[in-house]
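The values are calculated or read from the model by the stated rules, or taken from the named source; none is laboratory data. Just so it is clear, the structure is predicted and the values come from calculations on it, not from any experiment. All Cβ positions, glycine included, derive from the backbone under ideal geometry; neighbour counts span all protein chains shown. Areas reflect the complete protein model, heavy atoms only, side chains present, ligands, DNA and RNA absent. Shrake-Rupley method; radii C 1.70, N 1.55, O 1.52, S 1.80 Å.
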Amino acid sequence: MHTTLAVLADAPAQLLPARSMMAFTLAAHIILVPLGVALPLITLIMHGYGLRRNDPTALLLARRWSAVMAVQFAIGVVTGTVLSFEFGLLWPGMMGRWGDVFGLGFGVEAWGFFLEAVLLAVYLYGWRRLPSRTHFLLAVPLPFAALLGAFGILAANSWMNTPRGFGLDPAGNPVDVDVRKAIFTPMFGPEYWHFVVAMFVTAGYVTAGVYAVGRLRGRRDRYHRLGFTIPFTLAAVFTPVQFFLGDSIARQVFHKQPVKFAAMEIVWRTDTHVPEYLFGRLHPDGTISGGLKIPQLDSILAGFRPDTKVTGLTTVPASDRPTATQATLVHWTFDIMVGIGSLLLLLALWYGALWLWRRRLPASPWFFRGAACAGVASVVAVECGWITTEVGRQPWIVYQNMRVAEAVTATRSTSLWIMFALVVVVYVFVFGSLLLILLKMRSRWRLADGTGGPQPPAETPETDTPYGPRSLGSRP
């Protein structure tokens, strides 16, 4: 029997709807995460630039981005809360047994969330109501609160990949929990920094992409130039850093999770001089079809030597490793992520080289087309990264300690499918509302600016009184 079919036949009926629902909600939520983690920093940089240069255009951009932050945060509350409930409702086996070990990560995330909510409210309220310096300084902790939330989530996830900080009693239950070791697992550092920098890169390209589209449509005023330059520069600076961090985390997976690495690179048997496959499909008998084969490259990438031994999937029983279909999925998402990262690196080098040599933006429409696509491509790369991380760990929900099938709820599969359908309907409504709100905000801002062409707005709200009450007759 085909390995995948055999695994599905042995799995509980609840497993497929539970995993499908979790995958859908996580994939939807992660679209919002880059802006939630990194947009506060981007906004604060623009805000500081505006104060230092006494630049009303920069202050206008910062204030508008803070409004986008608020809308994104509100939608993120909905999608994040759903995920929190799903951990307990869909995976009671994991939370019941292991919650005392890694639950602190979720507690830290909750504290970060509440702190970010308070700071964001103060920041939004402070426009025109607080002295400029006070308002800016009160917002400085906002990016750190966003990073604190990411710290908690990544601590929990890295523990699931490399569980540490506990012993087991004769019944297999965790005892003698060491919280410090449970948080700072071997994968925590590489996973956390790889994730955080990915958020900066993605948020920078997404934000800059909006203004790149404006430039392609003929809007070449200072408003669009500044709105493009600052977030794109941040993303371009972090892109080569992310390339280094990506190589580092792949090497950590090679040492700490060799079976996952074998799935990422579709390595069937342990060997040296292992070739690298770009895409390609792994079959249950270990053969690979399609893709581009590069001799010895996988061994060289793993250990800098062609005679580096790479662990294969067959080193563990079939029940303890991803299926051929899962390994192919992980391999494809990993290759897509690396491919997108490579293209973004070329775009960043193009931008950096021209800026260093001539101190100006590229003039080519192809550059701005690439910049306009970079935001969407970055989100795709983030999605692929999470698929690689989670599917590559299969069949374990807690690596080598608990299988996904052991953690799933006992709720009837029919009920789970109905819940999944309702979640999809709710998410379509929520994300549709987000899109409509953002489009409405854009239309209102364009109307306020009086943009009838590429000329900059003659007057902005910040030109009147950047801080303090509005004067009579100032526009909304």
So what does HIS29 come to for accessible area, using a 1.4 Å probe and Å² rounded to 10?
40
Hey, what's the Cα Rg ratio for the chain versus the globular rule of thumb, 2.2 N^0.38 Å?
1.06
Run the numbers on the chain and let me know its relative contact order in percent, using alpha-carbon pairs under 8 Å that are six or more apart.
21
Provide the net charge surrounding THR287, with neighbours chosen by a C-beta distance below 14 Å and charges set as Lys +1, Arg +1, Asp -1, Glu -1.
+2
Reduced to Cα centres, the span from region 29-57 to region 347-404 in Å works out to 20
Cα radius of gyration and Dmax for region 156-223 (Å):
21.9, 70
Quick note, region 264-342: a/c under 1.5 would make it rounded; otherwise a/b > b/c is prolate and the rest oblate (a ≥ b ≥ c, C-alpha gyration tensor); here it is oblate
Rounded, prolate or oblate: which fits region 174-269 when a ≥ b ≥ c are the square roots of the eigenvalues of the alpha-carbon gyration tensor, with rounded for a/c under 1.5 and prolate only if a/b beats b/c?
prolate
Please state the equivalent ellipsoid semi-axes for region 13-156: what are the square roots of 5 times the Cα gyration tensor eigenvalues, largest first, in whole Å?
36, 15, 11
Once phi is turned into ³J(HN,Hα) by the Karplus curve 6.51 cos²θ - 1.76 cosθ + 1.60 with θ = phi - 60°, what whole-Hz value does each residue of region 276-292 show in order, with x for glycine and proline?
9, 9, 8, 6, x, 10, 8, 9, x, 8, x, 7, 10, 10, x, x, 10
What's the carbon and sulfur percent of the chain's accessible surface, probe 1.4 angstrom, rounded to a whole number?
67
Can you give the net charge of the other residues whose Cβ lies under 15 Å from the Cβ of ASP169, counting K and R as +1 and D and E as -1?
-1
With everything on Cα atoms, drop me the angle between helix 92-126 and the longest principal axis of the chain, reported from 0 to 90° to the nearest 10.
10
I need the Debye-formula profile for region 93-176: one equal scatterer per C-alpha, no solvent, reported as log10 I(q)/I(0) at q = 0.10, 0.17 1/Å, two decimals.
-0.39, -0.72
When a/c is below 1.5 the answer is rounded, else prolate if a/b is larger than b/c, else oblate, so apply that to region 352-443 with a ≥ b ≥ c taken from the square roots of the Cα gyration tensor eigenvalues.
oblate
Where region 93-207 is the region considered: accessible area per residue in Å², 1.4 Å probe
44
Taking 8 Å as the Cα distance limit and 6 or more residues as the minimum spacing, I'd like the relative contact order of region 154-234 as a percentage.
26
Here, LYS309 and VAL122, labelled 7 Å along Cα→Cβ, have an inter-label distance in nm of 5.6
Net charge over other residues, Cβ less than 14 angstrom from the Cβ of ILE42 (K, R count +1; D, E count -1):
+2
Percent relative contact order for region 1-128, counting Cα pairs under 8 Å at least six residues apart, stands at 25
Extension reserve of the TRP445-VAL177 stretch, reckoned as 0.36 nm per residue once the Cα distance is removed
91.1 nm
Calculate the dipole size of the chain relative to its Cα centre from +1 charges on Lys and Arg beta carbons and -1 charges on Asp and Glu beta carbons; express the result in debye to the nearest 20.
2000
Once ligands and nucleic acids are excluded and a 1.4 Å probe is used, how much of THR287 is accessible, expressed in Å² to the nearest 10?
70
Using the Kirkwood formula over every pair of different C-alpha atoms, what hydrodynamic radius in Å results for region 149-192?
10.7
If the cut-off is 18 Å between C-alpha atoms, which aspartates and glutamates fall inside it for LYS256, apart from same-chain ones fewer than 8 positions away?
GLU191, ASP247, GLU265, ASP271, ASP298, ASP320, GLU390
Which order do ASP335, ASP247 take when ranked by solvent-accessible area (1.4 Å probe, heavy atoms of all protein chains), largest first?
ASP247, ASP335
